[in-house]
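The values are calculated or read from the model by the stated rules, or taken from the named source; none is laboratory data. Because the structure is predicted, anything quoted here is derived from the model rather than measured. Neighbour counts run over all protein chains shown; Cβ positions are idealised from the backbone, glycine included. Protein only, heavy atoms only, side chains kept; ligands, DNA and RNA dropped before computing areas. Shrake-Rupley method; radii C 1.70, N 1.55, O 1.52, S 1.80 Å.
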Amino acid sequence: QVLRPSRVVVRAGGEWSAGFRALGAVPATMGDEKSTSGAENETGSDKVASEQPAKAPESKSKATEDEELLKIKDKMRELEEMAKLSEVQQGSGSGAAGDADDDPDARSVYVGNVDYSASLEEVAAHFQDCGTVNRVTIPVHKHNGHPKGFAYIEFAEVDGMKNACLLDDSFFKERKLKVTTKRHNLPGMSTTD
């Protein structure tokens, strides 16, 4: 028996897939089919069985649905309790002053026009009179490793950041620095979209 592709689509278990039709006969496994090309077999007739309507899924018993609903409610209660516990552990009720000290961006400044030969220690030394410097970051190009010409400085206190902003237009390695507060990046907000 020769098999010939005939653009027959077979429905098996709710999924549609391409099938083959034998010349002269339709296999029994393809009883629930739909022809999309109108191809005819060797006898000249193409029998297409009408598609049977799908049976409605058997409904679950009321008791089973109630049990599932109770399980979901219990899980929600557990998640809410875990959320409350984590809030207490993190001390989220500390107030606005505590939130500013905890946020590194609120204690950081952007420093523009930094000399390309400047080291982290040199930049930290220039700003040490402003307050305790926690971290200095000089971004570099990922392809060649050369500095990008600006820096971020994080201070231990918000007062250090305010004092550093007073050094705007100061000179460092014969270059005039641009010092501003570090902006906050918001997720999903981009200027390139």
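Summary table below
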read-out: Distance (nanometres) between label positions extended 7 Å along Cα→Cβ at Val158 and Glu174; value: 4.0 nm
read-out: Low-density loop positions, chymotrypsin sites (Phe, Trp or Tyr not before Pro), the range 100-137 - DSSP coil, at most 14 other Cβ in 10 Å; value: Tyr116
read-out: Separation between Cα centres of the range 103-124 and the range 129-191, rounded to whole Å; value: 4 Å
read-out: Phi-based couplings in Hz for the range 172-184 (Karplus 6.51, -1.76, 1.60; Gly and Pro marked x); value: 9, 6, 6, 10, 7, 7, 10, 10, 9, 5, 6, 7, 9
read-out: Where the range 105-193 is the region considered: accessible area per residue in Å², 1.4 Å probe; value: 65 Å²
read-out: FRET efficiency, Gln128 to Leu79 (Cβ-Cβ, R0 41 Å, nearest 0.05); value: 0.30
read-out: Sparse-neighbour loop sites [GluC sites (Glu not before Pro); the range 111-193; at most 16 other C-beta within 10 Å; DSSP]; value: Glu157, Glu174
